[in-house]
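One structure is given below, encoded as structure tokens.
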Amino acid sequence: MTIRDIAITYDICEREGLKEEMNTYHLNPNIPLKKQLRIFARKDVAPLVVVVMWEDGKQVKIEHTFPEYECHCDERSGKG
């Protein structure tokens with residue numbers, strides 16, 4: 001992990017066709033990655049956090065999902 005690495009949180013609703021970028025966070029190389037991602041997901045109630053890292057001069061994106069924050073609007077509307 002480098003200082004340039006970031007995490008981007010997303011709000012997603014498949015029913016509405018929504019995938020919206022919410023916030024961007026700089027990753028701290030001194031804190032375990034999974035711990036940071038859980039904090040960001042919980043803070044933004046984000047079902048998806050994308051990590052953007054640089055490896056060997058190339059950009060690499062890794063998606064991490066958090067089912068506990070997924071949209072349940074179908075269930076609330078009685079259609080799920």
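Can you compute the modelled spin-label distance between I31 and H72, with each label point 7 Å from Cα toward Cβ, in nm?
Those two pseudo-labels are separated by 2.7 nm.
Please state the shape class of the range 6-64: rounded when a/c is under 1.5, otherwise prolate if a/b exceeds b/c and oblate if not, all from the C-alpha gyration tensor.
On the way: a/c = 2.71, a/b = 1.48, b/c = 1.84.
Verdict is oblate for the range 6-64.
With a 10 Å radius around each residue's Cβ, average the other Cβ atoms per peptide and rank 25-33, 57-65, highest first.
Numbers: 25-33: 12.8, 57-65: 10.4.
Answer by packing, highest mean first, reads 25-33, 57-65.
Tell me which GluC sites (Glu not before Pro) from the range 11-42 have a DSSP coil assignment and no more than 13 other beta carbons within 10 Å of their own. Spell out each step's value before the answer.
Details: sites: E14, E16, E20, E21; in loops: E14, E16.
Passing both the DSSP loop test and the Cβ count: E14, E16.
Please enumerate, by chain and number, the lysines with C-alpha under 20 Å from the C-alpha of K19, excluding those fewer than 8 residues away in the same chain.
K43, K61
Would you kindly enumerate the cysteines in the chain that have no other Cys beta-carbon under 4.7 Å from their beta-carbon?
Here C73 come out as lacking a disulfide-compatible partner, given the Cβ-Cβ threshold of under 4.7 Å.
How large is the helix-only mean residue ellipticity at 222 nm for the chain, computed as the sum of -39500 (n - 2.57) over DSSP H runs with n ≥ 4, divided by its residue count, in deg cm²/dmol to the nearest 500? Before the final figure, lay out the partial values.
Details: 2 runs with 16 residues, N = 80.
Taken over the chain, the calculation gives -5500 deg cm²/dmol.
For a label point 7 Å from the Cα of T65 along Cα→C-beta, name the residues of the range 1-36 whose backbone N is under 18 Å from it.
Output list for this probe position: 8-21.
Gain in length, C13 to W54, computed as 0.36 nm per residue apart minus the alpha-carbon separation, to one decimal in nm?
Details: separation 41, 0.36 × 41 = 14.76 nm, distance 2.90 nm.
Length gained, C13 through W54: 11.9 nm.
FYI, it's all coordinate maths here, none of it is from the lab. Fair warning: this is a prediction, and the values are worked out from it, not measured in the lab. Cβ coordinates were reconstructed from backbone atoms using ideal geometry, including for glycine residues, and neighbour counts include every protein chain displayed.
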